[in-house]
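Inspection log for the structure reproduced underneath, given as structure tokens.
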Amino acid sequence: MINLKRTSTENSGFKDLIRELTGNEEDKSSELKKQYAELNMAEYFESVVVAFEDNEAVGCGSFKPYEEECAEMKRVYVKPGKYEKSVEVHIIHELENWAAEKGFATTILKVAENESELIKLYEQLGYKVTPNFTPCAKKENCVCLCKSIV
């Protein structure tokens, strides 16, 4: 059973997962990830959700304010082998609910254009591809998505 916990960037499970995510990103395409490294610094995230299975952190995600009524989803990650349990979907729904409780009407996120399965998942969850927002406005390797959550 998957249990979700609303927490902060100080959560040890979140820190471990972000270290794992960062390592995986460096393996994929270090030059591209360097371009986004500053934007993904966890200390800037306001709200964090960690998914646990049998007391093990298996996934995480966060959001931060982007504009007055818009929250940006950041660092959504699930450990390899945990996708079949829909952990990512649970995390996304919890982040959306929390953002709505905090008064946000919309969520946005960005995904590398080569992550077609991830883009497809977000579209199945109601996200729509939107013109790239700042800081991705002039980057061609990024796909931005948006969803109304109210």
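Every read-out reported here was derived from the displayed coordinates using simple, explicitly stated rules and does not represent laboratory data. Note that the structure is a prediction, hence the values are computed from the model and not measured. All Cβ positions, glycine included, derive from the backbone under ideal geometry; neighbour counts span all protein chains shown.
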Self-check item: Full-extension gain in nm, Q124 to S148, via 0.36 nm per residue minus C-alpha separation
Solution: 7.3 nm
Practice problem: Sort R6, R19, R75 so that the residue with the fewest other Cβ atoms within 10 Å of its own Cβ comes first and the one with the most comes last. | Solution: R19, R6, R75
Exercise. Could you list K15, K110, K128 in order of exposure, starting from the residue whose Cβ has the fewest other Cβ atoms within 10 Å?
Key: K128, K15, K110
Practice problem: Find the relative contact order for region 43-134 and round it to a whole percent, using C-alpha pairs within less than 8 Å whose residues are 6+ positions apart. | Solution: 23
Exercise. Could you tell me which chymotrypsin sites (Phe, Trp or Tyr not before Pro) in region 95-124 are loop residues by DSSP with no more than 12 other beta carbons within 10 angstrom of their beta carbon?
Key: none
Exercise. Within 10 Å of each residue's Cβ, count the other Cβ atoms and sort D16, D54 from fewest upward.
Key: D54, D16
